[in-house]
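Trainee: The following block contains the structure, expressed as structure tokens.
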Amino acid sequence: MSIKVAVIQFPGSNCDLDTLHVLNEVMNIEAELIWHNEFVGSKFDAAILPGGFSFGDYLRSGIIAAHSPAIEEAKKMLKDDKPILGICNGFQILTEAQLLPGALLKNDSLKFICKWVHIRVENTHTAFTNQMKEGQVLDIPVAHGEGRYFTDKLTELKENKQIIFRYSDPQGSVGDASNPNGSLDNIAGVCDLERKCLGLMPHPERASEMILSPNKTTHGIKFFQSMIHFITSGEI
């Protein structure tokens, strides 16, 4: 089965080419960089909203991009069971568009954070985590100034198993010491109720080649392997 993935480019995107490289050169699947105003979801099997500073983070991160025609196309894709992944700024966009619950606020340090962290897999039943193991700890970098996740519906998210990743230590323990930005309940990523739209602050595209990893891991590949499995099998 031939797979075609869109990497949606907004003014200010800066992780788009990294994501395109991993899809094309590492995963060997067809991926195309598409300007947000020209995106047509029916032409693709999945879409990725990459990291960056869409529209210069004017007003607040992701809010302007959330009103792009690309988001309306993304909504149509989700209705057709086509998966959507939002990475960093892409996560911010998806929350602002209310495709994902919660909001991303300024880091509690009020400083931009750029470093490798660990995240624990909480739910493997999504379009982007089905090739992972529950409780598995992934090495993956973050790079953001507004990554502090907040929601006033934490109990609901827990009941619905929508919390997909939590920041942890290398052994998988969750606590303040392993929380890089002050996120509520150490949350690093969440999904929608249908498990086909996922957003996270860490960057899997920067953790998909061993040469980039201080621990010589390629945990980011698992996101894209999971996406491929879902597209080809329809199974979460």
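Every number here is computed from the coordinates shown, using simple stated rules; none is lab data. Note that the structure is predicted; figures quoted are calculated from it, not measured. As a convention, Cβ positions derive from the backbone with ideal geometry for all residues, glycine included, and neighbour counts pool all protein chains shown.
Listed here are the residues, each with its yes/no results for (1) closer than 23 Å to V142 by Cα; (2) surrounded by 24 or more Cβ atoms within 10 Å (Cβ to Cβ); (3) in contact with a Phe, Trp or Tyr (Cβ under 6 Å, 6 or more places away or on another chain).
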residue: K4; (1), (2), (3): no, no, yes
residue: T19; (1), (2), (3): yes, yes, no
residue: V26; (1), (2), (3): yes, no, no
residue: L33; (1), (2), (3): yes, no, no
residue: F39; (1), (2), (3): no, no, no
residue: E72; (1), (2), (3): no, no, no
residue: K76; (1), (2), (3): no, no, no
residue: K106; (1), (2), (3): yes, no, no
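Trainee: Identify, from the list N123, N107, N130, N160, the residue that is among the polar types (S, T, N, Q) and more than 24 Å from N215 (Cβ to Cβ).
Mentor: Details: N123 fails: more than 24 Å from N215 (Cβ to Cβ); N107 fails: more than 24 Å from N215 (Cβ to Cβ); N130 fails: more than 24 Å from N215 (Cβ to Cβ).
Sole residue among the options that is among the polar types (S, T, N, Q) and more than 24 Å from N215 (Cβ to Cβ): N160.
Trainee: Cβ-Cβ under 6 Å, sequence separation 6+ or interchain: first residue in the range 5-25 and touching a residue at least 40 places away in the same chain (Cβ under 8 Å), partner surrounded by 21 or more Cβ atoms within 10 Å (Cβ to Cβ) and of a type in the set (S, T, N, Q). Which pairs?
Mentor: Sorted first by the residue in the range 5-25, then by its partner, the pairs are V7/T19; F10/S54; G12/S54; V22/S208.
Trainee: Out of the residues in the range 95-143 meeting the condition of being more than 16 Å from the chain's Cα centre (by Cα) and of a type in the set (D, E), tell me which one is nearest to S233 (Cα to Cα).
Mentor: E134
Trainee: Given the options S54, S109, S68, name the one that is in contact with a strand residue (DSSP E or B) (Cβ under 8 Å, 6 or more places away or on another chain) and polar (S, T, N, Q).
Mentor: None of the others qualify; the one that does is S54.
Trainee: Quickly run through the range 34-50 and pick out the residues that are more than 20 Å from the chain's Cα centre (by Cα) and more than 11 Å from K76 (Cβ to Cβ).
Mentor: N37, E38, K43
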